[in-house]
Amino acid sequence: MNILITGGTGFIGTALVAQLLSRGDAVTVYTRNTSLSGDQSLSYVNRLDDIPASTVYDAVINLAGESIAEGRWSDARKRALVSSRVDTTNALYALAGRLARPPAVLVSASAIGYYGSQDDTPLAEDAAAVAGFSHQLCVDWEAAARRFETLGTRVCVVRLGVVLGPGGGAFEQLRKSVQFGVATWLGSGRQWLSWVHRDDVLRAITFLVDNDGVAGVYNLTAPEPVTNRGFSEALAAHKRVLVGLPVPGVVMRLALGEMADELLLNGQRVIPQRLEQAGFSFEYARVDQAVSALLA
Ligand SMILES: NC(=O)c1ccc[n+]([C@@H]2O[C@H](COP(=O)([O-])OP(=O)(O)OC[C@H]3O[C@@H](n4cnc5c(N)ncnc54)[C@H](OP(=O)(O)O)[C@@H]3O)[C@@H](O)[C@H]2O)c1
């Protein structure tokens with residue numbers, strides 16, 4: 001397949017590009033980095049306008065976006081979080097409309113922040129959402145992606161959970177919660193952490209690219225979410241840990257502001273209902289499997 005990808009230099013994208021190349025796909029990465037050079041099957045573009053209208057992409061995968069978890073959410077930062085996602089998706093849509101043949105499929109990232117801060121209710125794709133910055137960001141991002149449907153492109157939106165993988169992302173932060181013989185959890189520790197192993201993210205994205213019969217919104221989280229405290233305990237089971245301590249919510253709010261409430265002190269218990277109904281099975285369904293693989 002000939003595939004165009006945004007965010008192909010990031011934590012998920014780098015691993016995804018490697019996987020696509022290894023199965024024989026030709027990949028073009030749209031990036032702001034002007035110093036990257038490719039080879040026969042991997043190329044980089046810095047301007048979508050440089051892509052000739054005759055180019056045929058079998059699939060577009062859209063992962064670009066400023067990091068949500070870095071830095072306080074000032075008004076300027078919020079604008080950057082939205083525009084890096086929505087403007088990039090709109091630019092892709094403009095490209096797709098200019099191509100002689102629009103891409104057959106778009107797989108576009110969103111996040112479980114779509115559901116807003118929720119308690120214990122299991123959330124499938126049709127669940128009601130709670131208002132908040134993360135929710136509105138995802139609504140706008142998903143709406144931009146769904147415009148591809150007007151071109152006849154099959155659109156799959158993936159609401160990603162907290163992606164755990166080696167060498168970066170949330171796992172490097174979470175593993176610090178069991179340092180020095182002390183296991184910690186955030187706030188009450190009862191908030192849900194809907195995690196997913198990065199290998200399953202790569203497998204699910206290629207599953208959605210390859211299967212003509214699937215379209216719409218898909219939660220991309222492991223079937224068994226855990227609480228924040230449950231995650232610390234799963235980590236602690238692999239370490240020598242003597243004491244457990246909460247990190248008070250008030251400390252986190254002082255340090256991180258609104259982001260602490262939306263990302264860390266509250267969570268969502270998300271269920272990958274539509275992916276499982278479509279026949280996708282997770283290699284890492286339980287957190288102890290994922291943690292032991294990641295610590296190995
Ligand atoms: N990792 C997670 O746990 C998680 C959870 C939920 C949702 N997601 C979403 O999934 C996507 C990929 O996640 P990731 O962890 O791989 O992210 P990442 O490592 O932060 O990489 C993000 C990519 O987006 C591009 N980017 C960053 N800022 C940009 C900007 N201002 N304008 C245009 N492009 C920009 C970068 O590409 P260049 O520097 O090459 O331009 C980078 O490769 C993100 O949109 C993220 O919000 C991730």
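The values are calculated or read from the model by the stated rules, or taken from the named source; none is laboratory data. In this text the structure is predicted, and so the values were computed from the model without any measurement. Note that we place each Cβ from the backbone using ideal geometry, even for glycine, and neighbour counts take in every protein chain shown.
Of all residues in region 50-58, at least one satisfies being closer than 24 Å to ARG98 by Cα, free of Cβ contacts under 8 Å to residues at least 40 places away in the same chain and not β-branched (Val, Ile, Thr). I'm trying to understand the selection: among the residues of region 271-296, which are in contact with a helix residue (DSSP H, G or I) (Cβ under 6 Å, 6 or more places away or on another chain) and of a type in the set (Ser, Thr, Tyr)? Within region 271-296, TYR284 is the sole residue that qualifies. Using the structure shown, decide if PHE171 is aromatic (Phe, Trp, Tyr), within 15 Å of the ligand (Cβ to nearest atom) and surrounded by fewer than 21 Cβ atoms within 10 Å (Cβ to Cβ). Criteria not met by PHE171.
Taking every residue in region 1-12 that is free of Cβ contacts under 8 Å to residues at least 40 places away in the same chain and closer than 16 Å to VAL45 by Cβ and pairing it with any residue that is within 7 Å of the ligand (Cβ to nearest atom) and assigned to a loop (DSSP other than H, G, I, E, B), at least 6 positions away or on another chain, the pairs with Cβ-Cβ distances below 9 Å are THR9/THR31; THR9/ARG32; THR9/ASN33.
For beta carbons closer than 7 Å, sequence separation of 6+ or different chains, a first residue in region 161-187 that is over 23 Å from ILE12 (Cβ atoms) and in contact (Cβ under 8 Å) with a residue 24 or more places away in the chain and a second that is assigned to a loop (DSSP other than H, G, I, E, B) and within 11 Å of the ligand (Cβ to nearest atom), there are no qualifying pairs. Going through (1) over 22 Å from THR184 (Cβ atoms); (2) modelled with pLDDT of 95 or more one by one, ALA290 falls short only on (1).
Among the criteria (1) closer than 19 Å to VAL196 by Cα; (2) more than 8 Å from the ligand (Cβ to nearest atom); (3) in contact (Cβ under 8 Å) with a residue 40 or more places away in the chain, the one LEU151 does not fulfil is (1). Report yes if ALA222 is over 22 Å from GLU66 (Cα atoms), under 13 Å from the mean Cα position of the chain (by Cα) and touching a residue at least 40 places away in the same chain (Cβ under 8 Å), otherwise no. For ALA222, the condition - over 22 Å from GLU66 (Cα atoms), under 13 Å from the mean Cα position of the chain (by Cα) and touching a residue at least 40 places away in the same chain (Cβ under 8 Å) - is met. Comparison of VAL86, VAL139 shows that the only residue that is over 19 Å from GLU262 (Cα atoms) and in contact (Cβ under 8 Å) with a residue 24 or more places away in the chain is VAL86. Applying the condition of being surrounded by fewer than 23 Cβ atoms within 10 Å (Cβ to Cβ) and of a type in the set (S, T, N, Q) to region 192-213 and asking which residue is nearest to LEU264 (Cα to Cα) yields THR206.
In the set ALA170, ALA127, ALA144, only one residue is of a type in the set (A, V, I, L, M, F, W, C) and closer than 30 Å to VAL56 by Cα; that residue is ALA144. Of the residues that make up region 273-283, is at least one modelled with pLDDT of 90 or more, closer than 19 Å to PHE171 by Cβ, of a type in the set (Ser, Thr, Tyr) and not in a helix (DSSP H, G or I)? No; the residues of region 273-283 include none that is modelled with pLDDT of 90 or more, closer than 19 Å to PHE171 by Cβ, of a type in the set (Ser, Thr, Tyr) and not in a helix (DSSP H, G or I).
Any residue at all in region 86-98 that is under 23 Å from LEU4 (Cβ atoms), within 14 Å of the ligand (Cβ to nearest atom), of a type in the set (Ser, Thr, Tyr) and assigned to a helix (DSSP H, G or I)? For region 86-98, residues under 23 Å from LEU4 (Cβ atoms), within 14 Å of the ligand (Cβ to nearest atom), of a type in the set (Ser, Thr, Tyr) and assigned to a helix (DSSP H, G or I): present. Considering SER74, SER108, SER83, the condition of being loosely packed, with under 15 Cβ neighbours inside 10 Å, of a type in the set (Ser, Thr, Tyr), modelled with pLDDT of 95 or more and within 16 Å of the ligand (Cβ to nearest atom) is satisfied by SER83 alone.
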